[in-house]
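Asks: The structure's right below; bear with me while I get my questions together.
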Ligand SMILES: Nc1nc2c(ncn2[C@@H]2O[C@H](COP(=O)(O)OP(=O)(O)O)[C@@H](O)[C@H]2O)c(=O)[nH]1
């Protein structure tokens, strides 16, 4: 069996385990390539259906194309789409682009807090109503107990410590020092009231695997990943003010795969274009403990 | 990338703390040119600045966590490649929780490197880790004797450690011929052959890795698909009822006849389902598949799909298991835990602990509990039938994990079959199910029509406690509510159905009597009925037997009288003083359990 097929089959297994074990399950969709591959794998696992809601945290600063792409696929694939947002921080302009917060503070407010409160149901959730073709405030405020996310272990130091099923305690904290063992395809599917579990089907995938899979399955990704004449493209997507494109003329999936295989990018961190990572060496670890992906 | 294998290989690295795992990994990364540019130099400089001696462990720490968090604490993945293929090293550096992390990493590995310090020799964990690798089912193991520079690259030292450790490995049924003398620090025999050990003519660590085989899913074994779920997504008019699961071993084809274990229900594969891409009539081990059946039988998560033309798994409520325990809280008798095997999840208690093995020296003791890091042979009693294979026949369905307080706390393998009190009944039940003719009217539609769930109500108690009167009154009351109900008096069974096993009004073979009673009840339940049965001094064993025959959890027990004289734990107790309300009490139970309901 070739490597991509093996990765695909193992991830599908994990998604199905998640679906059968968690009554209140959702999947985080950042619009980026990883979580889009994850979404595609869900359609594989459930034969064209996605039987749980997708959660997107809209910071209000996303590159507009990302939102267009999100809503296009929502309609085409009949997705149960929910977004959450820190409306208050945006109204009060407590953000980095407004000059009132550092990168990290801004991330904390617009992503961490928004995510935590959207998952818990404390803040409004905006759910796409397909009949009315618009987002409406969701009446369901039940907290999600299983949260699927597209984390990869080659991406960032702290992430290589993850489990496929990673418990978060009542305070949403991640106890890295004392994680449960995980073996023989058996995962942590039992959990105490008030706690929840993060599920990571993509842990074993590398950046190259992701692109090869996008190529072999012909998965539609947002065009920001490709050079459209400027000699630059995004390697990792985030908020417009804080994400820089890289120099690259790869203009389609084939060229991106070829570029990755030259190893030209292999010694530059994938998220090097993401400003918040630079601010303090291991900022992500802190954000992750807080629940930000 | 031509000529390279299109699959990565996962390698676990284990060994006693400080024997040199990190150093060897660091060396492999450095000498295969797999490090980010300038990384090695920066870490060396950093050491010089802080006047610490350079350690490869620092390099790994720096790689895994850009921040200096001090100790690395979890099984981490490190990627590197040779000309032949890509590797993922599953590393779990030394720490108190090491074993949890080691098991997590090593269980996924295709092969393992076990590191022993030549100067310090074999230590407890050199053996304990070897033992765990064997339990985890890792077949390919290379033993690396490290720090040869500290023993003057001595052939004698190497030979003597090799001899001792080889003996230990053969005691635990691991066979390996791969022993490599290395110095991680100086780089001998890691990537390049060592000029310091001309006496050694074996392969270097890297060459050994390249010579190992990636473990492949076993298509030549009997089919085993632990059912993950049955999907019916009705959106857009999709009316497929898809049984989903990963093919652990074997091959499935359209028109194969399958049997679902432990229930023994049977049906034929109609289609294999796909999304985007493949449209085939066959699927094989390693794949997460989905298929539909020609006859709609009741299949659920936990069942194992098997082919009737191949070996069937074992089924039992009692298993022998070799368990390794990872939890701080010991495994104790008389407490309830959960076993997870495939997608089955069943509560159990430890019936006995045969012996507890100290994995570091293979000595054993008898204890009444299994402590953290112990390995033990135990007998487990399960609440329901488990379908499994013995480990030598099938690794995937011969091993399980144990859940205690929401956490995976240990793992185990099943080395052999032991007898179980119900096995004689179960064989008959499986044959019955095999031949059973399935009605077009489903259980669900019958339940909907009658507003009731087919069930058995056992009314038991001591002599003279009013069992029979209660049974009659209950029958009348349910009937007047429009329920389909039948009180099956013992006399109705004894002289006809049991004619051949009865002498002078007494049943010779009580178990066979109960089996037959169960079969009659099963028929009536298939017809959707509520059956009331009275029984003197009913025991939990007898209830279990009826459960096995009827394959039903909808069996409820009522105990009448002041004292419970057997070992049963009835759903309700009705003391003599309350017996006039007994019918209402039972009605309450049936409503609470969802046996009777009314939509209107
Ligand atoms: N002399 C010598 N020292 C070594 C060698 N390999 C490792 N060490 C030292 O042994 C100590 C423990 O090594 P480390 O790789 O951290 O061990 P780990 O705990 O198994 O990861 C460190 O001080 C290393 O420098 C070797 O081949 N020769």
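Asks: Does segment B:161-190 hold any residues that are more than 15 Å from the ligand (Cβ to nearest atom) and within 19 Å of residue B:206 (Cα to Cα), and which are they?
Replies: Matches in segment B:161-190: B:176, B:177, B:178, B:179.
Residue-by-condition table, conditions (1) closer than 18 Å to residue B:227 by Cα; (2) outside any strand (DSSP E or B); (3) in contact with a strand residue (DSSP E or B) (Cβ under 8 Å, 6 or more places away or on another chain):
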site	(1), (2), (3)
B:309	no, yes, yes
B:318	no, no, yes
B:361	no, yes, no
B:376	no, no, yes
B:392	no, yes, no
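Asks: If we scan segment B:229-238, do we find a residue that is within 22 Å of residue A:16 (Cα to Cα), within 9 Å of chain A (Cβ to nearest Cβ), touching a strand residue (DSSP E or B) at 6+ places or on another chain (Cβ under 7 Å) and part of a loop (DSSP other than H, G, I, E, B)?
Replies: Within segment B:229-238, none of the residues are within 22 Å of residue A:16 (Cα to Cα), within 9 Å of chain A (Cβ to nearest Cβ), touching a strand residue (DSSP E or B) at 6+ places or on another chain (Cβ under 7 Å) and part of a loop (DSSP other than H, G, I, E, B).
Asks: Considering only segment A:207-226, I want to know if a residue exists there that is farther than 25 Å from residue B:35 by Cα, at pLDDT 85 or above and part of a strand (DSSP E or B).
Replies: No, that holds for no residue.
Asks: Okay, moving on. What pairs come out if I take residues in segment B:14-40 that are within 14 Å of chain A (Cβ to nearest Cβ) and within 16 Å of residue B:53 (Cα to Cα) and pair them with residues that are in a loop (DSSP other than H, G, I, E, B) and near the ligand (Cβ under 7 Å from one of its atoms) whose C-beta lies under 6 Å away, six or more apart or interchain?
Replies: Partner pairs satisfying both residue conditions: none exist.
Asks: Looking only at segment B:245-286, which residues are part of a loop (DSSP other than H, G, I, E, B) and in contact (Cβ under 8 Å) with a residue 60 or more places away in the chain?
Replies: Within segment B:245-286, B:248, B:250, B:262, B:263, B:264, B:285, B:286 meet the criteria.
Quick grid of which residues meet (1) within 15 Å of residue B:584 (Cα to Cα); (2) part of a loop (DSSP other than H, G, I, E, B):
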site: B:438; (1), (2): no, yes
site: B:446; (1), (2): no, no
site: B:449; (1), (2): no, no
site: B:458; (1), (2): no, no
site: B:463; (1), (2): no, yes
site: B:470; (1), (2): yes, no
site: B:473; (1), (2): yes, no
site: B:479; (1), (2): yes, no
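Asks: Residue B:538 - would you say it is under 28 Å from residue B:382 (Cβ atoms) and surrounded by 14 or more Cβ atoms within 10 Å (Cβ to Cβ)? Step through it out loud before you land on a result.
Replies: Values: under 28 Å from residue B:382 (Cβ atoms): yes; surrounded by 14 or more Cβ atoms within 10 Å (Cβ to Cβ): yes.
In short, yes.
Okay, residues lined up against (1) closer than 16 Å to residue B:319 by Cβ; (2) more than 21 Å from the chain's Cα centre (by Cα):
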| position | (1), (2) |
| --- | --- |
| B:351 | yes, no |
| B:358 | no, yes |
| B:362 | no, yes |
| B:367 | no, yes |
| B:371 | no, no |
| B:381 | yes, no |
| B:384 | yes, no |
| B:387 | yes, no |
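Asks: Mind checking whether some residue in segment B:255-270 is buried (at least 18 other Cβ atoms within 10 Å of the Cβ), within 14 Å of chain A (Cβ to nearest Cβ), at pLDDT 90 or above and under 28 Å from the mean Cα position of the chain (by Cα)?
Replies: No: segment B:255-270 contains no residue that is buried (at least 18 other Cβ atoms within 10 Å of the Cβ), within 14 Å of chain A (Cβ to nearest Cβ), at pLDDT 90 or above and under 28 Å from the mean Cα position of the chain (by Cα).
Asks: Shifting gears a bit: Could you run through segment B:371-413 and say how many residues are over 25 Å from residue B:247 (Cβ atoms), within 13 Å of another protein chain (Cβ to nearest Cβ) and touching a helix residue (DSSP H, G or I) at 6+ places or on another chain (Cβ under 7 Å)?
Replies: The total comes to 1.
Asks: When only residues in segment B:1-49 that are modelled with pLDDT under 80, surrounded by 14 or more Cβ atoms within 10 Å (Cβ to Cβ) and more than 25 Å from residue A:183 (Cα to Cα) count, which is farthest from the ligand (Cβ to nearest atom)?
Replies: The selected residue is B:5.
Asks: Among the residues of segment A:1-56, count how many are within 9 Å of another protein chain (Cβ to nearest Cβ) and outside any helix (DSSP H, G or I).
Replies: Count: 7.
Asks: How many of the residues in segment A:235-256 are under 16 Å from residue A:37 (Cβ atoms) and part of a loop (DSSP other than H, G, I, E, B)?
Replies: The number of residues fulfilling the criteria is 3.
The values are calculated or read from the model by the stated rules, or taken from the named source; none is laboratory data. Note that the structure is a prediction, hence the values are computed from the model and not measured. Quick reminder, even Gly has a Cβ in these numbers, built from the backbone with ideal geometry, and neighbours come from all protein chains shown.
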